[in-house]
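*Asks:* Got a structure for you, questions after.
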Amino acid sequence: MSAIDFWVARQREDAAGLPGAQLPWLARLRAEAIARFADEGWPTTRRENWRHTSLAFMAQQSLAAEAGDKPEAVLARLRKNYRAAIRGQASSHGAGSTLGGGPGSHGAEGAVGAGLPANAAAFAPQDLDRWLVFVDGRFAPALSAIGGLPGGAKIGSLADALKQTPDAVEAAFGSATDGETPQALNAAVATDGAWIHLSRGVAVEQPIHLVFIGATAADRHLRNLVVAEAGAQATIVEHYPAGAAGSTLTTAVTRVLAAQDSHVTHLKLQQEAPEAIHLATIAAEQARGAVFASHSLSFGARLARNDIRTRLDGEGAETLLNGLYHADGRRHVDHHTRIDHARPQGTSREFYRGLLDGNARGVFTGRILVAQDAQRTDAMQRCDNLLLSRLAEADARPELEIYADDVKCAHGATVGQLDEDALFYLRSRGIDTAHARQLLTYAFAAEVLERIAHAPLRALGRAALLERLPGGNRMEELL
């Protein structure tokens, strides 16, 4: 049996047990999706969108999980780290203080020049109230705490939503032809995910944490749907911690439907085990005046691919795509982004930075498409990579495709090493070479973290970065 046949047989075997199996529209969509996957297979470098990242090896890849910490232990560690981040903010700024103000205020995200608002305040013990935990691709209610919700907010599992509000889920689910074939496989076999629906004008003040833990399964497939009606606001954290070791596969699709004047901030933290394969898509659709901010922190997995795209389909919509990746050893990380400016007066800002060490390879492909009707578009895109070894490699391909004539667009990319003059300056001030390299590396990456408006989340990202960097524990003393 070939690898493709395996997944086809697996889907047919599991179909009756997947959530919403009784729904004709979903059964039909899953059949179409697995048929597409069987026909097209895993992407190879023959496809333009996969020029630098091939999944051909998946045809011979055996998946096998090795037991790691129990989910309860993983979750306890995450919550402890997050409490530490909150305490850190409290000690730095005073308990109850705010850096970014409440929803709709302008914090670090707004400081990038796009007028993007911050979604949340700084220190807030209630941040620990909303954690939806999924183990091996299925909702774990015993480990979750949804907390009190404002009227008009629904937060829970996709499986439950398919029972309670299938019509609403159908409108947001997507189709079998969306994206690339890993996304089609996800549509065919996804076992669960998060369902977040915010009615008109509803604001959820504290972040909603979605935690996906691998325990014993070799593969897991999540599909998260976020629907923000007009004027609604929320901050969502999508976290993939290191759980089960071994050659595991995660496919994850997160769809965000942002209606008029809604504000959605999404932060993804990927820290999967060193042999894991992580294939993810974040797809947003923005109506008039909608604001969407995506922060992608990719620090784990042997191969990580993040497809991030948004469509500004209403006048005056604003987008921030902000990302940081670190890879060492022989790891490979790929960010593939697309911003479609379809209507006038849209604003987008896109910043990615990569830290590459050992024999690692980082790939960035970013495309901004400005339609003929999208006059007065303001778009800027940058990708910068820092090579920390002679064998590390970075490929950056920024692209602009413009059909309107009244626009302000720019893009750029750099690949370089640590600045020798800066190293010399730090050494001349009594800092040894190792610490000097660590300080300069952190300073290069910190700019990405500073764009995260919510202070505890920014601290969480900072802690995750320092955990990755050589000598990161000593860096805490210097910063």
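*Asks:* Given the condition farther than 29 Å from LEU18 by Cβ, open to solvent by 20 Å² or more (accessible area, probe 1.4 Å) and either touching a strand residue (DSSP E or B) at 6+ places or on another chain (Cβ under 9 Å) or not in a strand (DSSP E or B) (or both), answer yes or no: does some residue in the stretch 214-228 qualify?
*Replies:* no
*Asks:* Taking the residues in the stretch 307-330 that are at negative phi and either modelled with pLDDT under 95 or surrounded by fewer than 23 Cβ atoms within 10 Å (Cβ to Cβ) (or both) as candidates, determine which candidate is farthest from the chain's Cα centre (by Cα).
*Replies:* Step by step, filter the stretch 307-330, then rank; the result is GLU315.
*Asks:* Does THR414 qualify as being open to solvent by 20 Å² or more (accessible area, probe 1.4 Å), closer than 23 Å to ARG331 by Cβ, of a type in the set (S, T, N, Q) and under 25 Å from the mean Cα position of the chain (by Cα)?
*Replies:* Criteria met by THR414.
*Asks:* Would you pick out the residues in the stretch 58-69 that are under 24 Å from the mean Cα position of the chain (by Cα) and not hydrophobic (A, V, I, L, M, F, W, C)?
*Replies:* GLY68, ASP69
*Asks:* Inside the stretch 275-298, can you point out the residues that are in a loop (DSSP other than H, G, I, E, B) and open to solvent by 10 Å² or more (accessible area, probe 1.4 Å)?
*Replies:* GLU275, ALA287, ARG288, GLY289
*Asks:* Applying the selection to the stretch 331-359, what residues are farther than 12 Å from ALA304 by Cα and in a loop (DSSP other than H, G, I, E, B)?
*Replies:* ALA342, ARG343, PRO344, GLN345, GLY346, ASP357, GLY358, ASN359
*Asks:* Now a separate question. Which residues, taken from the stretch 153-179, are open to solvent by 10 Å² or more (accessible area, probe 1.4 Å), in contact with an Asp or Glu (Cβ under 7 Å, 6 or more places away or on another chain) and either closer than 20 Å to ARG36 by Cα or without any contact (Cβ under 8 Å) to a residue 12 or more places away in the chain (or both)?
*Replies:* GLY179, the sole residue that qualifies.
*Asks:* Taking GLY243 and the conditions (1) open to solvent by 10 Å² or more (accessible area, probe 1.4 Å); (2) out of contact with any helix residue (DSSP H, G or I) (no Cβ under 9 Å at 6 or more places or on another chain); (3) touching a residue at least 40 places away in the same chain (Cβ under 8 Å), which numbered condition does it fall short on, given that it satisfies the others?
*Replies:* The number of the failed condition is (2).
*Asks:* Quick test for you: out of ALA27, ALA16, ALA38, pick the one residue that is of a type in the set (A, V, I, L, M), free of Cβ contacts under 8 Å to residues at least 12 places away in the same chain and either open to solvent by 30 Å² or more (accessible area, probe 1.4 Å) or over 30 Å from GLU399 (Cβ atoms) (or both).
*Replies:* ALA16
*Asks:* In this structure, does THR347 turn out to be closer than 25 Å to TRP42 by Cβ, β-branched (Val, Ile, Thr) and open to solvent by 10 Å² or more (accessible area, probe 1.4 Å)?
*Replies:* So THR347 fails the test.
*Asks:* Let me ask you something else. With in contact with a helix residue (DSSP H, G or I) (Cβ under 9 Å, 6 or more places away or on another chain) and within 30 Å of SER54 (Cβ to Cβ) as the only criterion, which of ALA218, ALA145, ALA140, ALA176 stands out?
*Replies:* Checking each option against the conditions leaves just ALA176.
*Asks:* Would you please list the contacts, defined by Cβ atoms under 8 Å and residues six or more apart or on different chains, that run from a residue in the stretch 394-407 that is free of Cβ contacts under 8 Å to residues at least 60 places away in the same chain to a residue that is part of a strand (DSSP E or B) and surrounded by fewer than 16 Cβ atoms within 10 Å (Cβ to Cβ)?
*Replies:* ALA396/THR414; PRO398/GLY412
*Asks:* Something else now. Could you tell me which residue of the stretch 265-274 is surrounded by the most Cβ atoms within 10 Å (Cβ to Cβ), considering only residues that are in contact (Cβ under 8 Å) with a residue 60 or more places away in the chain and part of a strand (DSSP E or B)?
*Replies:* Applying the filter and picking the extreme gives THR265.
*Asks:* Before we move on, is LEU55 under 30 Å from THR365 (Cα atoms), surrounded by 15 or more Cβ atoms within 10 Å (Cβ to Cβ) and under 25 Å from the mean Cα position of the chain (by Cα)?
*Replies:* Criteria met by LEU55.
*Asks:* GLN61 fails exactly one of the following numbered conditions: (1) within 29 Å of GLN164 (Cβ to Cβ); (2) at pLDDT below 90. What is the number of that condition?
*Replies:* (1)
*Asks:* If a residue has to be in a strand (DSSP E or B) and among the hydrophobic types (A, V, I, L, M, F, W, C) to count, how many in the stretch 299-310 make the cut?
*Replies:* Counting residues in the stretch 299-310 that are in a strand (DSSP E or B) and among the hydrophobic types (A, V, I, L, M, F, W, C) gives 3.
*Asks:* Let me ask something else. Is it the case that some residue within the stretch 192-199 is under 23 Å from ARG338 (Cβ atoms) and part of a helix (DSSP H, G or I)?
*Replies:* No, there is no match, as no residue in the stretch 192-199 is under 23 Å from ARG338 (Cβ atoms) and part of a helix (DSSP H, G or I).
*Asks:* What do you reckon, is TYR442 under 16 Å from HIS326 (Cβ atoms) and open to solvent by 20 Å² or more (accessible area, probe 1.4 Å)?
*Replies:* Criteria met by TYR442.
*Asks:* Are any residues in the stretch 445-455 surrounded by 20 or more Cβ atoms within 10 Å (Cβ to Cβ) and farther than 10 Å from HIS295 by Cβ, and if so, which ones?
*Replies:* ALA445, ALA455
*Asks:* Taking the conditions exactly as written (open to solvent by 10 Å² or more (accessible area, probe 1.4 Å) and of a type in the set (A, V, I, L, M, F, W, C)), does ILE431 satisfy them or not?
*Replies:* Considered against the rule, which asks whether it is open to solvent by 10 Å² or more (accessible area, probe 1.4 Å) and of a type in the set (A, V, I, L, M, F, W, C), ILE431 comes out as yes.
*Asks:* Assess whether ARG427 counts as being in contact with a helix residue (DSSP H, G or I) (Cβ under 8 Å, 6 or more places away or on another chain) and within 27 Å of GLU399 (Cα to Cα).
*Replies:* no
*Asks:* Name the residue that is surrounded by the fewest Cβ atoms within 10 Å (Cβ to Cβ), counting only residues in the stretch 246-264 that are of a type in the set (Ser, Thr, Tyr) and part of a loop (DSSP other than H, G, I, E, B).
*Replies:* Per the criteria, the residue is THR248.
*Asks:* From ALA404, ALA396, ALA392, ALA374, which residue is more than 15 Å from LEU321 (Cα to Cα), surrounded by 19 or more Cβ atoms within 10 Å (Cβ to Cβ) and over 25 Å from the mean Cα position of the chain (by Cα)?
*Replies:* It is ALA374.
The values are calculated or read from the model by the stated rules, or taken from the named source; none is laboratory data. Remember, predicted model here, so these are calculated numbers, not experimental data. Cβ sites come from the backbone with ideal geometry, for glycine too, and all protein chains shown count toward neighbours. SASA here: full protein model, heavy atoms, side chains in, ligands and nucleic acids out. Shrake-Rupley method; radii C 1.70, N 1.55, O 1.52, S 1.80 Å.
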